[in-house]
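A.B. asks: The following block contains the structure, expressed as structure tokens.
The values are calculated or read from the model by the stated rules, or taken from the named source; none is laboratory data. Just so it is clear, the model here is predicted, and its values are computed rather than measured. Note: ideal-geometry Cβ built from the backbone for every residue, glycine included; neighbour counts use all protein chains shown. The accessibility values were calculated without ligands, DNA or RNA, using every heavy atom of the protein model including side chains. Shrake-Rupley method; radii C 1.70, N 1.55, O 1.52, S 1.80 Å.
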Amino acid sequence: MREQIEGSQAVARAVALCRPQVVCAYPITPQTHIVEALGARVKEGSLAPCQFINVESEFAAMSVSIGASAGGSRAYTATASQGLLFMAEAVYNASGLGLPIVMTVANRAIGAPINIWNDHSDSMALRDAGWVQLFAADNQSAVDLHIQAFRLAEELSVPVMVCVDGFSLTHAVEGIDVPDQESVDSFLPPFVPRQRLDPDEPVTIGAMVGPEAFTEVRYLAHARMRRALDLMPVIAAEFAAAVGRGGGGLVEPYRLEGADLVVVAQGSVIGTLCDAIDELRDEGISVGALAVTVYRPFPVDAVRAALAGARRVVVIDRALATGEGGFLAADVRRAAPAGTPLHGVIAGLGGRPVTRASLRRCLEEASRGLLGELAWLDLDTTLIEKELAGLPGGTDVHAGPHAG
Amino acid sequence: MPTAPVKFYQVGSFAAGNRLIDPSLRTVQSELTRSNSLTSGHRACQGCGEALGARYVLDAAMRASGGRLVVVNATGCLEVFSTPYPETSWQVAWLHSLFGNAPAAASGVAAALRSQGRTDIRVLAQGGDGGTVDIGLGALSGMFERNDDVLYVCYDNEAYMNTGVQRSGATPPAARTATTETVGPEPGNVFGQGKNLPRIAMAHGIPYVATATVSEVHDLENKVETAMGIHGARYLHVLVPCPLGWAAPTNQTVHLARLAKETGIFPVLEARDGEVTAVSAIRHQVPVEEYLKLQGRYRHLFRPEPRTEVIARIQAAADANIARYGLVSDDATEPPAGGAP
């Protein structure tokens, strides 16, 4: 049944439907509404026997999740931005130990300068930490992906990060269909850990591994991750059968038929992008979009297939590899047919709105071959001209705090 | 056939005494039924105080829990020397996650067990002084504050020994480490405020805090048993001399631990709900010099010429401990039954 609810509340309900056994929480904007809602459910008793742990840092949030998962319980936490970086060591540890933790990242910029608004810098910083990364395009997909995330994580013994745009999704009220408990139960069986800490069958988890086997440990983790590319479409299909609605999979095409120009993106910008594409199509520009849902492992084959007919590719990144360009653009370049012109567009950093008008302008330029290899959407050049002039090679160079 | 009476040359000392006391009071370690939680074959250095302490602590905890124990280990010597893949010395369910998160990971295990209704299984976390008083302090404080059902044991050898003897927040004043070298006008570690974790733990008001050393193993085992009889957050701080880091002979580990207690440098005590409830009295008080001169990390206090003012400052700190805890006063309480002299 579709209801008008806030994204965070919908995600909390989806997680609750998955019957987590341990939820730990540390507040950070814009993730906080999710764990608040879960905390209330545990406190009122509706999620029993789930344990809700208020921890003292994100590092502890992931560490408690690690202990809980190794102890054989289904563990969940949520974070964002600085919090994800603060727990980075434990994020790697969770995947190294093969613990199927599910975590929401309410995507937010990383400081300095401190900024609480949405972009993908946080998830991108940890894109290669051994976690599956799923990106939600809207709050319906956020709900659906969380439920599928537990299934995927537990089948592979790999942790899964569900990336949901901060504010633009977490705080947005949308019409969302949250499945019923019966459907979720039929889709997601109780957690049976591959191994767990048990005095009856004592195992050593987290041993030191030297050069003689470390490569092999990593190889196996790699092989498990790659399995996600085969498994995710199967899980998405089973989910669709259980709840009577689609959602999930590796990538989501939009009006790709006959598209000369294909725009690749992920996250909440997809909605605006589809609107812009509709308008451009009406004007006779043959353009389509490809939403990347599974970002890690990167679905190279699916993206390559989707780009097969493209004459030109634009990739929108909501994060910047400083000094380099876009993260997604680099991955798509690997998948794009050789020789296809590819334009990376850096957009919507630190919460700057990515408007339909700006996207249209950008894509019109691209369709006319006028876009550079790396473009910046709505860059306000008046703010930077003076500083640029002061850079080495500029006209007015000083050292020290008053440089430029 | 004539028989000669058996002579126990060590009567009244600390080693053979175990055979002379009532069987019910003997150490867990002396029993054939001990669990050997940390079994032989590991790669600890000769004379390692931490390996000794961990054996006593874990086997006592295993007995107290009826074998229903899960152990979480911080990164450090104890983790490294016990688990070089594909071998392990652990005969208990054991998890190592990271250096600074053992208390939080243990909280997670305890939460998992609660969520599964497996209330018979107990959780013990352990780490060295670096993992406890420095990098893991935030997680430990959080575990204390939430009163999670975890016994945390710190094996304190007073520096980062695993990485090659660098200073930690538990390194005592004047001690040489690789990052507090014996050079300059004030060689060795600074005289700071120190980071007294038993007192920090007591300030959290948790139900049980105790200190012990590897010289008084009855006392150590008794404290583990006491701690295991209580639910909630508990903290046990065990002084474990390190021959490598202290530059001491490997046969002096137990002796040094005893001197640390008998000088007053390391007060041995118990606290309930934030208040000290018992202290182990000093039996034969010795000047700190007797403790310091056995250790190469304090060599610069004696050669080329004695630095008497530095030794006097260390003595003053020991005297302050004695005064604060009443370690030599008449009303100092004796250690619990079966405790070492």
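A.B. asks: Filter the stretch A:28-51 down to residues that are over 26 Å from residue A:177 (Cβ atoms) and more than 14 Å from every other protein chain (Cβ to nearest Cβ) and give me whichever is most open to solvent (accessible area, probe 1.4 Å).
C.D. replies: Result: A:43.
Residue-by-condition table, conditions (1) more than 25 Å from the chain's Cα centre (by Cα); (2) closer than 23 Å to residue A:302 by Cα; (3) at pLDDT 95 or above:
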| position | (1), (2), (3) |
| --- | --- |
| A:186 | yes, no, yes |
| A:189 | no, no, yes |
| A:228 | no, yes, yes |
| A:231 | no, yes, yes |
| A:259 | yes, yes, yes |
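A.B. asks: Applying the selection to the stretch B:161-185, what residues are assigned to a loop (DSSP other than H, G, I, E, B) and either farther than 18 Å from residue B:76 by Cβ or of a type in the set (Phe, Trp, Tyr) (or both)?
C.D. replies: B:172, B:173, B:174, B:175, B:176, B:181, B:182, B:183, B:184, B:185, listed by residue number.
A.B. asks: If you don't mind, there's one more thing I want to ask. Quick one: would you say residue B:158 is within 15 Å of the chain's Cα centre (by Cα) and either under 17 Å from residue B:231 (Cβ atoms) or open to solvent by 10 Å² or more (accessible area, probe 1.4 Å) (or both)?
C.D. replies: Considered against the rule, which asks whether it is within 15 Å of the chain's Cα centre (by Cα) and either under 17 Å from residue B:231 (Cβ atoms) or open to solvent by 10 Å² or more (accessible area, probe 1.4 Å) (or both), residue B:158 comes out as yes.
A.B. asks: List every residue pair whose Cβ atoms lie under 6 Å apart, where the two residues are 6 or more positions apart in sequence or sit on different chains, the first residue falls within the stretch B:262-277 and is over 13 Å from residue B:196 (Cβ atoms), and the second residue, located anywhere, is part of a strand (DSSP E or B) and β-branched (Val, Ile, Thr).
C.D. replies: B:268/B:211; B:270/B:277
A.B. asks: Return the residues of the stretch B:165-200 that are at pLDDT 95 or above, under 18 Å from the mean Cα position of the chain (by Cα) and open to solvent by 60 Å² or more (accessible area, probe 1.4 Å); say none if nothing qualifies.
C.D. replies: B:167, B:196, B:199
A.B. asks: Inspect the stretch B:5-17 for any residue being over 30 Å from residue B:139 (Cβ atoms), at pLDDT 95 or above and of a type outside the set (D, E, K, R) and give the result as yes or no.
C.D. replies: No, the conditions are met nowhere in the stretch B:5-17.
A.B. asks: May I pose another question? What number of residues within the stretch B:201-252 satisfy the criterion of being crowded, with 17+ Cβ neighbours inside 10 Å and either of a type in the set (Val, Ile, Thr) or in a strand (DSSP E or B) (or both)?
C.D. replies: So the answer is 18.
A.B. asks: Turning to a different aspect of this structure: Of all residues being out of contact with any Leu (no Cβ under 8 Å at 6 or more places or on another chain) and at the interface with another protein chain (Cβ under 7 Å from one of its Cβ atoms) in the stretch B:80-90, which is surrounded by the most Cβ atoms within 10 Å (Cβ to Cβ)? Just the residue, please.
C.D. replies: The extreme case among them is B:83.
A.B. asks: Filter the stretch A:55-93 down to residues that are within 21 Å of residue A:120 (Cβ to Cβ), open to solvent by 10 Å² or more (accessible area, probe 1.4 Å) and touching a strand residue (DSSP E or B) at 6+ places or on another chain (Cβ under 8 Å), then give me how many there are.
C.D. replies: The total comes to 1.
A.B. asks: If residue B:51 satisfies every condition in (1) outside any loop (DSSP other than H, G, I, E, B); (2) more than 8 Å from every other protein chain (Cβ to nearest Cβ); (3) more than 23 Å from residue B:240 (Cβ to Cβ) but one, which is the exception?
C.D. replies: (3)
A.B. asks: Which one of A:309, A:284, A:246 is surrounded by fewer than 18 Cβ atoms within 10 Å (Cβ to Cβ), at positive phi and out of contact with any strand residue (DSSP E or B) (no Cβ under 7 Å at 6 or more places or on another chain)?
C.D. replies: Just one listed residue meets the conditions, A:284.
A.B. asks: For the stretch B:91-100, give me each residue that is open to solvent by 10 Å² or more (accessible area, probe 1.4 Å) and not polar (S, T, N, Q).
C.D. replies: Those that are open to solvent by 10 Å² or more (accessible area, probe 1.4 Å) and not polar (S, T, N, Q): B:96, B:98, B:99.
A.B. asks: OK, next. Applying the selection to the stretch B:128-138, what residues are open to solvent by less than 10 Å² (accessible area, probe 1.4 Å), part of a helix (DSSP H, G or I) and either of a type in the set (Gly, Ala, Ser) or at the interface with chain A (Cβ under 8 Å from one of its Cβ atoms) (or both)?
C.D. replies: B:130, B:131
A.B. asks: Count, please, the residues in the stretch B:101-127 that happen to be more than 7 Å from chain A (Cβ to nearest Cβ) and either in a loop (DSSP other than H, G, I, E, B) or open to solvent by less than 20 Å² (accessible area, probe 1.4 Å) (or both).
C.D. replies: The qualifying residues number 11.
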